[in-house]
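A short write-up of the structure that comes next.
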Amino acid sequence: LQAYERRFPTCPLIPMFVASDTVNEYKSEDEAIHVIERRCKLDIDAPRLLKKIAGVDYVYFVQKNSLNRQERTLHIEAYNETFSNRVIINEHCCYTVHPDNEDWTCFEQSASLDIKSFFGFESTVEKIAMKQYTSNIKKGKEIIEYYLKQLEEEGITFVPRWTPPVACKLESSTSHARRPVSPAINIPDSATKEGLNSKEILNTSSSPLEPTAGTPDDKLDADYIKRYLGDLTPMQESCLIRLRQWLQETHKGKIPKDEHILRFLRARDFNIDKAREILCQSLTWRKQHQVDYILDTWNPPQVLQDYYAGGWHHHDKDGRPLYVLRLGQMDTKGLVRALGEEALLRYVLSINEEGLRRCEENTKVFGRPISSWTCLVDLEGLNMRHLWRPGVKALLRIIEVVEANYPETLGRLLILRAPRVFPVLWTLVSPFIDDNTRKKFLIYAGNDYQGPGGLLDYIDKEIIPDFLGGECMCEVPEGGLVPKSLYRTAEELENEDIKLWTETIYQSASVFKGAPHEVLIQIVDASSVITWDFDVCKGDIVFNIFHSKRAPQPPKKDSLGAHSITSPGGNNVQLIDKVWQLGRDYSMVESPLICKEGESVQGSHVTRWPGFYILQWKFHSMPACATTNLPRVDDVLASLQVSSHKCKVMYYTEVIGSEDFRGSMTSLESSHSGFSQLSAATTSSSQSHSSSMISR
């Protein structure tokens, strides 16, 4: 705590932290409680243009530190004072003593960001906030270690604990027994190096819910790791097993392969919570847009085949598939005007899907794990027309989608013949590219790629493309200007964009506190089977199934009321009238099922009576004391939500007629289940039940 206090009034290790002033302070008589409130001045790392538009050079935050020496806790709360009517930022940190070992300090941190409006730059502000927050978290340990070392150099290596005054001591000694101290647990240094916080390390070593060392599920075969996954430390292997086990419990029947899970773990430095969140979001996204089937079902328009100057070209020296993109020869404005942003995005997704397939093939061919590809980008011909605003906007969106759903797939990016205009483009796009990805960029100006450290270090001479001075004929289209006769109107493109992204059997719905989403299914023949498949995209929900002999009234089309609420994230329909009574007007036919954020649920119900069945997704508040097998995501990424009282689900339902049902409860096998093709082979259950089956 003494080391922490040295960060004030300013800290040279945090350049953005310019100054701070104490605005309020309180100390109890026995000095057990110390509360101090500071106003902090920050110089946010944001583009000058954005600061100019906002009209500020600095932003101010209020930080309140509450120290309880008796309980040995420190709570830190912070919120923004600047732009508080446009942006709401809340942060909470907590230092406590570990219950099993008094020599250990536990640290927990959470934050939330709610951007109501910010001069049209909401997305930019969100990314800047995320980048700044992530950077501060990474540097937090380094800063506290710096001040601890400073204390040691001053000869301060021990600080006595707070003790109550004598009167208090006599009074409390009869009512409080001393807390037992557990023997210290040795934590290997390698654990902290792999990006796990102290809480995760403790869970790994002591949680009864995790597999114990030496059990068959706790280890992967060494030959399998070497052949398909590459070098893994014991801690990395443990993270992979734990995340895979969690997915098996919550995403039955659709578990991604180990190589795919590993990509998301590497993208988040093997932080299980963070990797789990982005992986679940990606699986939901793949399912919603049927990305698994894109190579088989989507044919790129002829305009793309003729004018998109990119394609696959052999492999690099490491065996990675090589993708060549002649960006300087490509008419980005023409492609966007002729096809729209969505068609370009879909084409890039198909390229990435093909890349995943080629990585698997090369792994078999070369006998070693190959999980990423190399991209060669030729910028000769790049000029100011490539900086056309809608084109740059499309590029930024494509980068955002690829970064979120294909992490750690880019092994190396070779940028050749970068012209003078390139720094302008780089300034625009680099903030949206992950730091780990940027480290893989190699940029060559002019003909520098032909010299030492150039192309020959990464690609065999025999396959260098002819347009770069090599001898290999490259079949990548040469690009060129898209004829204006192929341009589409804005209205045509908008309709086409809607059509592209609504080609899904799944529907989205929003669930609000006090406003569930309900789906009506009419059953004519008893013993029919109602099947469902849904993903909880945000929040926790309760899933119910009800039966009624009479049909509910159609929902009122009142945009301000509780019925038929429509939003960009999905619709909300309520069917059960408020005057209806459970047990009189309708009955519950299945026990309520609590579903957590990120879970995927499939199941079915054999109907006993004809009539009207209502599937209901209702908002669920998490009890404060609830615990789970694996801690839920508690970092800022999970907290970036507009409202804490809103959930999102993506669902699909189908009724199997009684004449088609033969007792097999394999649920959605008769329809498109949307199960990911990234899934490893799993055994499907054919066990029969008289009423229902629910699997997660």
Considering only protein heavy atoms, what is the solvent-accessible area of H314 at a probe of 1.4 Å, reported in Å² to the nearest 10?
-> 100
In nm, give the distance between the simple-model label positions of E249 and R608, each being 7 Å from the Cα along the Cα-to-Cβ direction.
-> 3.2
Descending principal axes extents, the stretch 222-289, alpha-carbon based, whole Å = 35, 22, 21
For the stretch 374-417, state the average projected area of the convex hull of the C-alpha atoms over all orientations, rounded to one decimal in nm².
-> 3.5
Expected unfolding gain across D435-E478 under the 0.36 nm per residue rule, minus the alpha-carbon gap, is 12.3 nm
To one decimal place, what orientation-averaged projected area in nm² is obtained for the convex hull of the Cα set of the stretch 1-154?
-> 10.5
Using label points projected 7 Å from each Cα along Cα→Cβ, tell me how many nm separate W388 and D269, to one decimal.
-> 4.1
Which one of L232, A275, P256 has its Cα pushed farthest toward the positive end of the charge dipole of the stretch 222-289, where Lys and Arg give +1 and Asp and Glu give -1 at the Cβ?
-> P256
Between the stretch 400-426 and the stretch 68-147, what is the C-alpha centre distance in whole Å?
-> 31
Zone reached by a paramagnetic label modelled 7 Å from E5 Cα along Cα→Cβ, restricted to the stretch 12-32 with backbone N below 13 Å, covers 26-28, 31-32
Shape metrics for the stretch 357-472, restricted to C-alpha atoms - Rg then Dmax, Å | 15.6, 45
When the stretch 67-146 is reduced to its Cα atoms, the Kirkwood hydrodynamic radius in Å | 14.8
Could I have the simple spin-label model distance between N24 and I443, label points 7 Å from Cα toward Cβ, reported in nm to one decimal?
-> 4.8
Gain upon complete extension [F107, E71; 0.36 nm per residue less C-alpha separation] = 11.5 nm
Additional length obtainable on full extension of the chain from L151 to E31, 0.36 nm per residue less Cα span | 40.9 nm
³J(HN,Hα) across the stretch 27-41 via Karplus (A = 6.51, B = -1.76, C = 1.60, θ = phi - 60°), whole Hz, x for Gly/Pro?
-> 10, 6, 4, 8, 6, 6, 10, 9, 10, 9, 10, 10, 9, 9, 9
Which of the residue pairs K127/K257; K138/K440; K393/K648; K274/K648 have a Cα-Cα distance greater than 23 Å in the structure shown?
-> K127/K257; K393/K648
What order do D378, D577, D45 take when sorted by accessible area (1.4 Å probe), most exposed first?
-> D45, D577, D378
Here the stretch 602-612 yields Karplus 3J(HN,Hα) values (6.51, -1.76, 1.60; θ = phi - 60°; whole Hz; Gly and Pro given as x) of 10, x, 7, 9, 7, 6, 8, 10, x, x, 10
Roughly how many whole Å is it from the C-alpha centroid of the stretch 227-296 to that of the stretch 469-483?
-> 36
Mind listing the long-range amide H neighbours of H315? Cut-off is under 5 Å, sequence gap 5 or more, other chains count too, H placed in the peptide plane at 1.01 Å from N.
-> L322
Any chance you could list P(r) for the stretch 306-423, counting all Cα-Cα pairs in 10 angstrom bins from zero, rounded to whole %?
-> 13, 42, 34, 10, 1
With every protein chain present, what accessible area does Y224 have (1.4 Å probe, heavy atoms only), rounded to the nearest 10 Å²?
-> 70
Mind listing P(r) for the stretch 427-473? All alpha-carbon pairs, 5 Å bins, whole percents.
-> 5, 17, 22, 19, 14, 14, 8, 1
The stretch 313-401: GluC sites (Glu not before Pro) falling in loop per DSSP and having at most 11 other Cβ within 10 Å = none
May I ask for the net charge around S66, where only other residues with Cβ less than 15 Å from the Cβ of S66 are counted and Lys, Arg are +1 while Asp, Glu are -1?
-> -3
Coordinate range along principal axes, alpha carbons of the stretch 57-97, Å, largest first | 39, 15, 12
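The values are calculated or read from the model by the stated rules, or taken from the named source; none is laboratory data. These numbers were taken from a predicted model, which means no experiment stands behind them. Because the Cβ atoms are built from the backbone with ideal geometry, glycine has one as well, and the counts that use them run over all protein chains shown. Please note that ligands, DNA and RNA were not included when accessible areas were found on the heavy atoms of the full protein model with its side chains. Shrake-Rupley method; radii C 1.70, N 1.55, O 1.52, S 1.80 Å.
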